[in-house]
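Structure record follows, encoded as structure tokens.
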């Protein structure tokens, strides 16, 4: 394939160059694995004769025992208001899961399982729950009651009990989450590890999936100092999201912060969709009122500094409070990808009790590169007016760091050569799995047979076919075209970010 030799060399150089960024992971003996480059392919053809599914990808086989899977959306007037539960009101069912994942071998549903476990199981996602191809949340357990955790190293990733099984449906390329989770990790450090697999549910082939680590506090994921009982301060992990959906997601109850940008209505879409910040760690079992108050005050102190006159006059030293590199890298990645969810949905941040407020890890790249339900053109900066970034952009030093870092990344992990070769290699690796997926879900290339919310919406003057690809090949072609055009526009206009910190602009804001 095109750029094949270049890709192998380039990835090696990136891995070497990323040592500093991934030092925390490497100290644990964990190195980033790009499945399509590291997985050993079968040496020769399979002798099964095509009698059953035969794939070089890992298999995940799920048996529900005839139970109905909870988590289907319940809508009123076109709005999701709740999700289905079991007859007894449970948000999850207990299922049996086995993986078949021997490296360098062909895999069949009848093969001996590599790992077998029970798991709490439900449909996951927000708008994606409307899709026919569901995504799922897995919590591995060791007992029928689902009370004892059973962490396992699924598909070669670090052992844990909490996983997401992402089924790409709107993303007709099938590769956005895989590609950009891996590249984000090379840019920023930790991002959830991901592995392609094919899924069989109750004997029925479900197509190509992506098994993903969820974002949580753990030594191998977000590695935070443990809370010490009785301490007045704590490490914390937060998520910016639509908090009105908290009680509909089927997750543990989340606690939302009453922080400065919340009660001053400065959060993105705060009044219409109630974007807020939820506490993921510490969880509700140890999150006392005193600890919640500490987290709220800590986040609010940073926000008050951003929105103060000291920020506009250059007297607020935010570098003492936040990991600026994480904010710079996060912004560049999300702006380059035109990720409309950034700073309103699925945006994570954390602070170790001995460190600074850090933005990340990244999550959910299903809609990037013009795959949002509604279109975003390749021109213009999408995120410069979003909450914290809008204020950081008033600072000349921050803007210059963004410009320098962007130029650096465009010579490396965000270069056209690297990105094109990466796409070529991933698609070559997936091979016939793409065709098998299309045998089940290929009808979705025709938007006229889909329900509202399952396809992309055209702009005035466009047809459904203008914005919904008619094949996998066209989907990849459109993504590449947008990626190249977007990158070239940013190459030409990245210095325009200086307008946001120009004295004429910040002076007018001080007057206001």
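Restricting the first member to segment 198-209 and to residues that are at positive phi, and the second to residues that are surrounded by 18 or more Cβ atoms within 10 Å (Cβ to Cβ) and assigned to a strand (DSSP E or B), the beta-carbon pairs closer than 8 Å and six or more apart or on different chains are 202/62; 207/198; 207/199. It is to be established whether one or more residues within segment 108-118 are farther than 30 Å from residue 45 by Cβ and at pLDDT 95 or above. Yes: one or more hits. Within segment 228-243, the set of residues being crowded, with 21+ Cβ neighbours inside 10 Å and farther than 27 Å from residue 341 by Cβ comprises just one member, 234.
In the set (1) touching a residue at least 40 places away in the same chain (Cβ under 8 Å); (2) surrounded by fewer than 18 Cβ atoms within 10 Å (Cβ to Cβ); (3) part of a helix (DSSP H, G or I), residue 412 fails one condition alone, (3). Number of residues in segment 355-390 that are assigned to a loop (DSSP other than H, G, I, E, B), under 30 Å from residue 233 (Cα atoms) and modelled with pLDDT of 95 or more equals 6.
Listed here are the residues, each with its yes/no results for (1) free of Cβ contacts under 8 Å to residues at least 40 places away in the same chain; (2) surrounded by fewer than 19 Cβ atoms within 10 Å (Cβ to Cβ); (3) in contact with a helix residue (DSSP H, G or I) (Cβ under 7 Å, 6 or more places away or on another chain); (4) farther than 27 Å from residue 427 by Cα.
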site: 44; (1), (2), (3), (4): yes, yes, no, no
site: 51; (1), (2), (3), (4): yes, yes, no, no
site: 74; (1), (2), (3), (4): yes, yes, no, yes
site: 82; (1), (2), (3), (4): no, yes, yes, yes
site: 102; (1), (2), (3), (4): yes, yes, no, no
site: 108; (1), (2), (3), (4): no, yes, no, no
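Could you tell me how many of the residues in segment 275-304 are within 25 Å of the chain's Cα centre (by Cα) and surrounded by fewer than 16 Cβ atoms within 10 Å (Cβ to Cβ)? Here the count works out to 1.
Scanning segment 466-492 for residues that are at pLDDT below 95 and surrounded by fewer than 19 Cβ atoms within 10 Å (Cβ to Cβ) turns up just one, 466. Tell me yes or no: at least one residue of segment 337-359 is over 27 Å from residue 316 (Cβ atoms), in contact with a helix residue (DSSP H, G or I) (Cβ under 7 Å, 6 or more places away or on another chain) and surrounded by 18 or more Cβ atoms within 10 Å (Cβ to Cβ). Among the residues of segment 337-359, at least one is over 27 Å from residue 316 (Cβ atoms), in contact with a helix residue (DSSP H, G or I) (Cβ under 7 Å, 6 or more places away or on another chain) and surrounded by 18 or more Cβ atoms within 10 Å (Cβ to Cβ), which makes the answer yes. Whenever a residue of segment 291-305 is touching a residue at least 24 places away in the same chain (Cβ under 8 Å), its partners that are assigned to a helix (DSSP H, G or I) and buried (at least 18 other Cβ atoms within 10 Å of the Cβ), lying with C-beta atoms within less than 6 angstrom and at least six residues away or across chains, give the pairs 300/260; 303/260; 303/261; 304/260. State the number of residues belonging to segment 28-53 that are closer than 18 Å to residue 187 by Cα, part of a loop (DSSP other than H, G, I, E, B) and either at pLDDT below 50 or in contact with a strand residue (DSSP E or B) (Cβ under 9 Å, 6 or more places away or on another chain) (or both). Count: 2. When 457, 494, 403, 423 are checked against the criterion of being over 26 Å from residue 204 (Cβ atoms) and outside any helix (DSSP H, G or I), a single residue qualifies: 457. Residue 466: assigned to a helix (DSSP H, G or I), without any contact (Cβ under 8 Å) to a residue 12 or more places away in the chain and within 24 Å of the chain's Cα centre (by Cα), yes or no? Considered against the rule, which asks whether it is assigned to a helix (DSSP H, G or I), without any contact (Cβ under 8 Å) to a residue 12 or more places away in the chain and within 24 Å of the chain's Cα centre (by Cα), residue 466 comes out as no. Tell me, yes or no, whether segment 338-354 has at least one residue that is farther than 24 Å from residue 495 by Cα, under 21 Å from the mean Cα position of the chain (by Cα), modelled with pLDDT of 95 or more and assigned to a loop (DSSP other than H, G, I, E, B). Checking segment 338-354: not a single residue is farther than 24 Å from residue 495 by Cα, under 21 Å from the mean Cα position of the chain (by Cα), modelled with pLDDT of 95 or more and assigned to a loop (DSSP other than H, G, I, E, B). Contact map, segment 168-191: first residue on the phi > 0 side of the Ramachandran plot and crowded, with 22+ Cβ neighbours inside 10 Å, second residue in a loop (DSSP other than H, G, I, E, B) and at pLDDT 95 or above, Cβ cut-off under 6 Å, separation 6 or more or different chains; pairs are 174/168. Could you tell me whether segment 307-326 includes any residue that is modelled with pLDDT under 90, in contact with a strand residue (DSSP E or B) (Cβ under 9 Å, 6 or more places away or on another chain) and surrounded by fewer than 16 Cβ atoms within 10 Å (Cβ to Cβ)? No, every residue in segment 307-326 fails to be modelled with pLDDT under 90, in contact with a strand residue (DSSP E or B) (Cβ under 9 Å, 6 or more places away or on another chain) and surrounded by fewer than 16 Cβ atoms within 10 Å (Cβ to Cβ). The residues listed here are 122, 130; of these, the one that is touching a strand residue (DSSP E or B) at 6+ places or on another chain (Cβ under 9 Å), surrounded by fewer than 21 Cβ atoms within 10 Å (Cβ to Cβ) and within 30 Å of residue 456 (Cβ to Cβ) is 130. For segment 245-276, the set of residues classified as farther than 18 Å from residue 215 by Cβ, modelled with pLDDT of 80 or more and not in a loop (DSSP other than H, G, I, E, B) consists of 260, 261, 262, 263, listed by residue number. Could you tell me which of the residues 426, 440 is touching a strand residue (DSSP E or B) at 6+ places or on another chain (Cβ under 6 Å) and at negative phi? Result of the check over 426, 440: 440.
The values are calculated or read from the model by the stated rules, or taken from the named source; none is laboratory data. A quick note: this is a predicted structure, and the numbers were derived from the prediction, not measured. Note that each Cβ is placed from the backbone with ideal geometry, even for glycine, and that neighbours are counted across all protein chains shown.
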